[in-house]
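Working notes for the structure below.
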Amino acid sequence: MDISRMANVASVNQTNLTKSSEHRTMDKSSTLASEHTDSFIKSQKAFTPAYTKSSAKKQNSDNNLLQREDSEDKVGAIKQSEGKGKAELMVEGVQHIIRAMFVKQGEVLSGNVPSVGAKLYAEELLGQLRKLYGNSEADENDPAYWQPEPTAERLILFFECVSIDDDKTTMLDRSFSGAFKETEELFGGRGRLPIESYETKALIQEKYFNAKAAV
């Protein structure tokens with residue numbers, strides 16, 4: 001599994017932070033994990049109010065509108081990525097993957113869903129990492145899976161799989177800090193994540209970043 005390629009593609013496709021559940025269900029450019037993610041969301045009437053109409057005529061009209069929105073989103077993603085170096089795109093991509101882990105950890109341990117879009121995007125990314133970790137989707141819904149120690153170990157394993165020519169530790173530090181801050185914001189702000197998330201953060205700092213600095 002080419003983790004660095006996954007991260008790079010994620011940074012191009014995910015142009016905005018996932019919106020609140022009161023807004024669009026999911027940013028349609030967020031398609032790193034599967035090219036079918038967008039069509040899956042569109043098929044779930046419970047998730048997208050625009051698709052709760054029973055009229056076939058209305059459905060076709062909505063589909064045409066969303067196809068135009070898809071095209072506009074993709075053009076926007078390309079424009080936004082222009083001018084960014086490979087290292088910057090890597091930072092953003094890795095950040096999305098780290099955030100996915102903390103979003104799922106926060107959801108499972110707190111019982112709160114930050115937003116439907118954030119939940120679905122996190123689960124799509126985690127699905128691409130299951131081969132690396134050797135776990136199942138069911139494992140990811142078990143509180144024991146997201147305890148600080150095993151979560152920190154999985155994050156460090158992911159860090160070791162990232163390949164980049166620039167200063168890797170600095171890039172990962174930026175990605176990790178950004179991902180954690182974004183996750184806090186999704187859950188309502190600083191201090192709103194479960195205590196296990198903060199313990200995981202402390203373990204990562206101690207076992208990875210501090211250890212790297214001491215070498």
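Note on region 143-177 and region 84-104: Cα centroid distance 11 Å, given to the nearest whole angstrom. Solvent-accessible surface of region 106-189, taken per residue with a 1.4 Å probe and all protein chains present: 44 Å². Inter-label distance, Leu132 to Glu153: 1.6 nm, where each label sits 7 Å from its Cα along the C-beta direction. If R0 equals 22 Å, the separation of the Cβ atoms of Gln205 and Asn112 corresponds to a calculated FRET efficiency of about 0.35. Its Kirkwood hydrodynamic radius, worked out from the mean inverse distance over all distinct Cα pairs, puts region 162-208 at 11.7 Å.
3J(HN,Hα) couplings calculated from phi for region 127-141 with the Karplus curve 6.51 cos²θ - 1.76 cosθ + 1.60 (θ = phi - 60°) are, in sequence order, x, 6, 9, 4, 5, 5, 8, x, 10, 10, 4, 4, 4, 6, 9 Hz; Gly and Pro show x.
The values are calculated or read from the model by the stated rules, or taken from the named source; none is laboratory data. Values in this document were obtained by computation on a predicted structure and should not be read as measured data. Here Cβ is always computed from backbone atoms with ideal geometry, including for glycine, and neighbour counts include all displayed protein chains. Surface areas here come from the heavy atoms of the whole protein model, side chains and all, with no ligands, DNA or RNA. Shrake-Rupley method; radii C 1.70, N 1.55, O 1.52, S 1.80 Å.
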